[in-house]
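Colleague: I'd like to ask some things about the structure below.
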Amino acid sequence: MEEIIGTVHLQVSNVGSKSEGLYAHLVLESGDDYILYQAGHLAMEEAYFKAFDGQQVKVLGEIEPEMNYIRVENIQTI
């Protein structure tokens with residue numbers, strides 16, 4: 001598990017595809033952008049992350065660099 005700090009932004013991704021929808025992105029200070037998800041849940045329309053939109057957070061999770069996803073174990077505002 002890694003501790004990752006960034007800002008959550010909800011935005012529409014995958015426009016024009018079957019998986020088009022609202023996704024929670026974690027944008028790091030470096031500009032790197034990852035989609036957040038919880039194990040066992042689809043990343044699209046994940047209501048859990050809506051409360052963090054626009055906030056700086058600390059995420060405990062695992063980065064999946066080949067897909068630019070982060071599997072979130074815990075998230076909290078800082």
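The values are calculated or read from the model by the stated rules, or taken from the named source; none is laboratory data. Here the structure is a predicted model, which is why all the values come from computation and not from measurement. Note that we place each Cβ from the backbone using ideal geometry, even for glycine, and neighbour counts take in every protein chain shown.
Colleague: Considering only residues of the stretch 7-30 that are surrounded by 15 or more Cβ atoms within 10 Å (Cβ to Cβ) and among the small types (Gly, Ala, Ser), which is modelled with the lowest pLDDT?
Modeller: Only one residue fits best here, namely Ser13.
Colleague: Okay, next question. Does Glu73 fit the bill of being over 12 Å from Ile5 (Cβ atoms) and assigned to a loop (DSSP other than H, G, I, E, B)?
Modeller: no
Colleague: If I filter the stretch 38-78 down to residues being hydroxyl-bearing (Ser, Thr, Tyr) and more than 12 Å from Leu26 (Cα to Cα), which single residue comes out as surrounded by the fewest Cβ atoms within 10 Å (Cβ to Cβ)?
Modeller: Thr77
Colleague: Restricting to the stretch 61-70, give me the number of residues that are in a strand (DSSP E or B) and charged (D, E, K, R).
Modeller: Residues meeting the conditions: 2.
Colleague: Additional query: Look through Ile75, Ile70 and report the one residue that is among the aliphatic types (A, V, I, L, M), modelled with pLDDT of 90 or more and touching a Leu at 6+ places or on another chain (Cβ under 7 Å).
Modeller: Sole residue among the options that is among the aliphatic types (A, V, I, L, M), modelled with pLDDT of 90 or more and touching a Leu at 6+ places or on another chain (Cβ under 7 Å): Ile70.
Colleague: Right, here's the next one. Kindly list the number of the only condition in (1) more than 10 Å from the chain's Cα centre (by Cα); (2) of a type in the set (Ser, Thr, Tyr); (3) at pLDDT 95 or above that fails for Tyr34.
Modeller: Among (1) more than 10 Å from the chain's Cα centre (by Cα); (2) of a type in the set (Ser, Thr, Tyr); (3) at pLDDT 95 or above, the lone unmet condition for Tyr34 is (1).
Colleague: Could you please let me know if Glu45 is touching a Leu at 6+ places or on another chain (Cβ under 7 Å), touching a residue at least 24 places away in the same chain (Cβ under 8 Å) and at positive phi?
Modeller: Taking the combined requirement at face value, the residue satisfies it.
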